[in-house]
């Protein structure tokens, strides 16, 4: 019973941390399918959660950068979590069918 309550408390803390992280969101990133992009994070992270793995694939090289490979058109978020389980960044990613310079604004998928 105590472990179930502990799990619920941890889940609530993570949820509220994610909400706070979303308010401190980094600038959105627009990419084209097939165009890899390296993203650097200010603070060290322990893990990355990909909102929609059908849109991007993410490879962590170290604890402060990831390589983002756009797979399909769409939008997703990358949530970076530190070793204590605290959300430190929430980055919105928009992927176009072609290069982002061809008019793929954030907030619209092609």
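The values are calculated or read from the model by the stated rules, or taken from the named source; none is laboratory data. Keep in mind that this is a model prediction, so the values were computed, not measured. Cβ placement follows ideal geometry from the backbone for every residue including glycine, while neighbour counts extend to all protein chains displayed.
Do we have residue 62 as at pLDDT below 95 and over 17 Å from residue 32 (Cα atoms) here?
Spelling it out, residue 62 is indeed at pLDDT below 95 and over 17 Å from residue 32 (Cα atoms).
Quick one: in the stretch 64-87, which of the residues that are part of a loop (DSSP other than H, G, I, E, B) and touching a helix residue (DSSP H, G or I) at 6+ places or on another chain (Cβ under 8 Å) is nearest to residue 28 (Cα to Cα)?
Residue satisfying both the conditions and the ranking: 86.
Suppose we filter the stretch 2-32 for residues that are in a loop (DSSP other than H, G, I, E, B) and modelled with pLDDT of 60 or more; how many remain?
Selection size over the stretch 2-32: 2.
Would you be able to tell me the number of residues in the stretch 33-46 that are at negative phi, in a loop (DSSP other than H, G, I, E, B) and free of Cβ contacts under 8 Å to residues at least 40 places away in the same chain?
Looking only at that region, the number is 3.
How about the stretch 73-94: which of its residues are at positive phi and in contact (Cβ under 8 Å) with a residue 40 or more places away in the chain?
Answer for the stretch 73-94, where residues must be at positive phi and in contact (Cβ under 8 Å) with a residue 40 or more places away in the chain: just 85.
For residues in the stretch 47-63 being outside any strand (DSSP E or B) and touching a strand residue (DSSP E or B) at 6+ places or on another chain (Cβ under 6 Å), which is nearest to residue 30 (Cα to Cα)?
Out of the qualifying residues, it is 55.
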